[in-house]
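Notes follow the structure.
The values are calculated or read from the model by the stated rules, or taken from the named source; none is laboratory data. Keep in mind it's a predicted model, so treat the numbers as computed, not measured. Here the Cβ is made from the backbone with ideal geometry for all residues, glycine too, and neighbour counts use every protein chain on show. Accessible surface areas use protein heavy atoms only, side chains included; no ligands, DNA or RNA. Shrake-Rupley method; radii C 1.70, N 1.55, O 1.52, S 1.80 Å.
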Amino acid sequence: MEEVKMEDVRAEAAVAVASTLVDKVHQERKSNAAKIVKYPPPPPFIRAVLLVQAFVRRRAFLRSFGGVGAGDNVDEEILELAPAKPMMSIALNFVRRLKSFRWVNIEREATLVAGLVDAQAANITMRDVSAVVNYYQDKVPSDHLSLNVLQEALDRQVIVAKEALQERASKLTSPAAIVEAMEQVITDFQVPPEREDRVLDQTRIRLKRIVAEAEETIRKMLAESSSTPSIDAVAARFKRDFGPVASVVEEELKVARIRRVQFLEMELETRWSRPFAGPLPPHSRAARRYELELGKKNPKVIALVTEEARHAATLEADFEVELSDLRAKVRDLTQKRMEARARSLIQDFDEKLADAAAQVQEVIDRAILNIGPENPKVIKRAKELLSPDAHSTLFALQAEHTADQLRAELAVADPSPEAGDRRRGCAMALAALLGQLNRDHPLQAKLRAEFAQDLSEIAGTGAAREARDETAPPLPPPDEGPGEVTPPPVTDTEKPGAGESEGPTGPTDLELAIQMDEDPFKLEPTPEETNQALFEAGVRQYDDDPNLDLPDEEQDLWGAPKGFSELTSINHEVLDSTRKADFEDDKAKLSFDPDPANVLLMSSIAAEDLSPEMRKKRFEQEKAERARGEQKERTAVLTLEELTMETVKLHTEEVFKLKFVRSIAEALQIPKHRVKVNGFERGSVKVLLSILEPTGEEDEEGRNTMSADRALQELAEQVEDPNSRLRLGEVGPFVVAAHLDRDVIKSDRVKVGSMA
C-alpha cells in the first residue's frame, strides 16, 4: 500500500479551502457592489489621533532599548520586534476595521476622542466635529457619554455661528445683503450641510420678512413709474436689493415695461397725425420723449423725428416768406411816402408803415410761439427787424406768458412724464426768452429768483447749449466805440443764465428812415456820412437810454446798426456813380444777399405803382382820409381790473395802443382806422376808446360797416364771453377780468359823446 504523505494532504486541503474562500469573497463583492459600506473609514480627526498614537508608541519602544526616535543605530532584530511604522499602523488599523469592526474597542475609542474634541473645541472646525459625531452615533449606544460630550461641543459651535449671523443680519435691510451674510458665515465657520438648517433657521425667518417688505417697496415704486427709464431704474434697484433671491416682482417688472413700450408705440401711431400741423414745441417734446423711452433706433421713432424735422423746416420757411413779404411791403410804402407830397397821403403812409412794423412784430411773436424762442432764426430776425423797445417788450410779454404757464404746471404737480416734459419745455423757453432781455431788465431778477430751481435743472441741456452757441456775444458800451473792451464786473444776481445775450442796443434803419424821409433799402452810407446826417438832424441813437450822458457835440462811433437796410437793392440806378466800384465789397459785408425771388417781387410791385389802377386807388385813399377827419365818434372806457400802469409802462403805452387797436378791429371785423385808443388812466387801468362811425362805403378789404353803437355793444359782449375773438386774441390775457363802460371821455380830441 502506497504511503500517504500528510504534508501533501495538508497542502491540497489548504488549496481547496483558499479556493473556496476566494470564490466566496468574489461572490460577496458582486452582491454587495451596490450596497453602502456599513462601516465607513474614520474621519480625518480619528486618523490624525491614530497617526499620533502610532508614532508615540514606536518611539517609546525604540527609546526603551536606547535608540533614538527615528530608529537610527538600532539593531535589526529590535526593529523587527518594534511596532509598525505610523503609516503602516494606520493601514493595518483600517484593514482590521473593515475586516472585523469588533477588533477595535469602539466605546473606549469614542470616549478618548470625545475628550480630545472637548478639550480642543476652540481649535477644531464645526465640520470636523460634525464628522466625528456622525461616525460614532451609530456605533455606540445613544446614551453613551462620548456622544453627549461630542454633541455638546458641536452645539456650542452652532450657537456661536448662529449668534454671529444674527448680529450681522440685524444691521442689514436688503435680501441680497442678508444672503451674502449667510454665505459668509457658512464659509467662516465651515458649517457642514447637515448643520446649515440649525445655523440659518432664525435668519431665514428674518429674510422672509425683509423680502416681503422689499417687494412691497418695489411694487410701490413700480406703481409710481410711468416711463420706461423709471421702470428701468426700479428694475436696477430690484437687482441691487434682491441679488440671487428669487421673487415674483421680477416678472412684474418685465410685464410693466413691455406694456409701456406697447402703449407708446400705439400712441405714436394713433395720436400724432401726419403731416404735422400747429406749433413745433409740442411735437419736439413728444419726439424727445419717444427717443428717450423707445430708443433712437426704433423705426417708428425715426419716422416721427423725420417728420418733426420736416415740420420745423416748413415753419421756418413760412416764417421767412412772411418776413420777406413784409419787407417788400415796407419798401413799397417807404418809396411811396418819399414820393408823396400831400400831408394826408404822408400821414396815411406813416400809419401804414407803423401798421407794417406792428405786423412784423406780430409775425415774430407768432414765430416765438410756433417755432420756439430758442430757435436761432427767430432770435436773429427779432434782433434785426425790431427796435430795442419793441424787442424788449415782445420778449418780456412772452416771458411773462411762459412764466404763467410754468406756474400753472407747477401748481398742478402732475407726475406724468408728459407733464414733466411740459415743465422742462416751459423752463427752457423761459431761459431763452430771458436770455434775449437786457441783464438789468426788471423781469430778469424776478423770474430767475422765482424759478431758480427749474432754470438750474435745464441749464446744461442741449437746447440751452445750442441757444447759447447761436446767440451773438453782447456788444461793447457805445461810448467806447467798436473796439475790444473789458466788460464791467457783474454780480451773481445780475449774471445772465445759459444762452443769455444782450438785446439790440440801437434803433432800426426803418425808424431812422421814417424820421429822415429816406429809403431804408438803399445801400448804406459810410459811418462818417451817417453820423454827420444824424448829428445835423438832431437825432440821437441812444437818447432813450438814461444811463448814457453823452455831450451833444459828440458823434456816434458805431454808425447806424443793420436792420432792414440789409436788403440792399441790386438796381444800380440807386447807387452813387462814385461808389459803384465798391458795390461788391459793400455787398460782401452784408449779413446775407437778397433773394432773387424777392427782388423780382419788389420790381413787379414797383412797376404796379405807376399803373392807372394804383393812381386811382391812391386818389380814393386821399378822399377817404379827408372824409375820415369829419367822422363822428362813440366813446367807451374798457377797465382792466387786474392790470396796473406799471405793467403798461413796462411795455410802453404805444405798444399797448397798437395791440388794442389791432385786437379790437379784428374782433369786431372793422377797419383799424375806426378804432382809436386815446390814452390810459391809472388805478385799475382804464383804456379810453373811441369807435368812429362808418363812412357809408365798404372798407377796401371787405370789412364790416356796422355802426359805432353796434360795435360797442358787440365789444361789450365779447369782453364778457371767454370764447370770443377778443378774449382768445392777442390781448386776451389782459381782458380776463374787465368790463366796458360806454361813457364820455373827457378829452379835447372827442367832439361827440356817447349816445348810450
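Worth a mention:
- S31 being more than 30 Å from D118 (Cα to Cα) and modelled with pLDDT under 75: yes
- Odd one out for F263 among (1) closer than 22 Å to G425 by Cβ; (2) aromatic (F, W, Y); (3) in contact with a helix residue (DSSP H, G or I) (Cβ under 7 Å, 6 or more places away or on another chain); (4) free of Cβ contacts under 8 Å to residues at least 24 places away in the same chain: (3)
- Those residues of the range 283-303 which are of a type outside the set (S, T, Y), open to solvent by less than 50 Å² (accessible area, probe 1.4 Å) and under 19 Å from the mean Cα position of the chain (by Cα), in sequence order: H283, A286, A287, R289, E291, E293, L294, G295, V301
- Within the range 122-165, tally of residues that are touching a Pro at 6+ places or on another chain (Cβ under 7 Å), among the polar types (S, T, N, Q) and open to solvent by 60 Å² or more (accessible area, probe 1.4 Å): 0
- Residue that is surrounded by the fewest Cβ atoms within 10 Å (Cβ to Cβ) [pool: residues in the range 647-696 that are touching a helix residue (DSSP H, G or I) at 6+ places or on another chain (Cβ under 8 Å) and aromatic (F, W, Y)]: F680
- Hits in the range 423-446 (condition: buried (at least 23 other Cβ atoms within 10 Å of the Cβ) and assigned to a helix (DSSP H, G or I)): C426, A427, M428, A429, L430, A431, A432, L433, L434, G435
- K336 open to solvent by less than 60 Å² (accessible area, probe 1.4 Å), in contact with a Pro (Cβ under 6 Å, 6 or more places away or on another chain), touching a residue at least 24 places away in the same chain (Cβ under 8 Å) and among the basic types (K, R): no
- Which listed residue is touching a helix residue (DSSP H, G or I) at 6+ places or on another chain (Cβ under 8 Å) and free of Cβ contacts under 8 Å to residues at least 12 places away in the same chain, from I364, I346: I346
- Which numbered condition A313 fails, given (1) within 30 Å of A399 (Cβ to Cβ); (2) crowded, with 18+ Cβ neighbours inside 10 Å: (2)
- Any hit, the range 386-394, residues being out of contact with any Lys or Arg (no Cβ under 6 Å at 6 or more places or on another chain), closer than 23 Å to G278 by Cα and either open to solvent by 10 Å² or more (accessible area, probe 1.4 Å) or not in a helix (DSSP H, G or I) (or both): no
- Residue match in the range 354-363 (condition: open to solvent by 10 Å² or more (accessible area, probe 1.4 Å), of a type outside the set (D, E) and more than 37 Å from the chain's Cα centre (by Cα)): yes
Quick grid of which residues meet (1) small (G, A, S); (2) open to solvent by less than 80 Å² (accessible area, probe 1.4 Å); (3) in a helix (DSSP H, G or I); (4) at pLDDT 80 or above:
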site	(1), (2), (3), (4)
E700	no, no, no, no
A711	yes, yes, yes, yes
E714	no, yes, yes, yes
Q718	no, yes, yes, yes
R725	no, no, no, yes
S747	yes, yes, no, no
V750	no, yes, no, no
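- Residue selection: E400 satisfies the criterion of being open to solvent by 20 Å² or more (accessible area, probe 1.4 Å), more than 30 Å from A328 (Cα to Cα) and either modelled with pLDDT of 90 or more or part of a helix (DSSP H, G or I) (or both).
- Residues satisfying the stated conditions in the range 410-422, i.e. part of a helix (DSSP H, G or I) and either modelled with pLDDT of 90 or more or open to solvent by 60 Å² or more (accessible area, probe 1.4 Å) (or both): L410, A411, V412, R422
- Qualifying residue in the range 50-68 (condition: among the small types (G, A, S), surrounded by 14 or more Cβ atoms within 10 Å (Cβ to Cβ) and modelled with pLDDT of 85 or more): yes
- For E730, the requirement of being within 21 Å of T644 (Cα to Cα), modelled with pLDDT under 80 and open to solvent by 50 Å² or more (accessible area, probe 1.4 Å) is met.
- Within the range 423-477, the set of residues being basic (K, R) and either closer than 24 Å to D389 by Cβ or modelled with pLDDT of 50 or more (or both) comprises R423, R424, R439, K446, R448.
Each row is one residue, and each column tells you yes or no for (1) of a type in the set (A, V, I, L, M); (2) in a helix (DSSP H, G or I); (3) touching a residue at least 60 places away in the same chain (Cβ under 8 Å).
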{"residue": "E213", "(1), (2), (3)": "no, yes, no"}
{"residue": "E216", "(1), (2), (3)": "no, yes, no"}
{"residue": "R219", "(1), (2), (3)": "no, yes, no"}
{"residue": "L222", "(1), (2), (3)": "yes, yes, no"}
{"residue": "S226", "(1), (2), (3)": "no, no, yes"}
{"residue": "P229", "(1), (2), (3)": "no, yes, yes"}
{"residue": "A235", "(1), (2), (3)": "yes, yes, no"}
{"residue": "R240", "(1), (2), (3)": "no, yes, yes"}
{"residue": "E250", "(1), (2), (3)": "no, yes, no"}
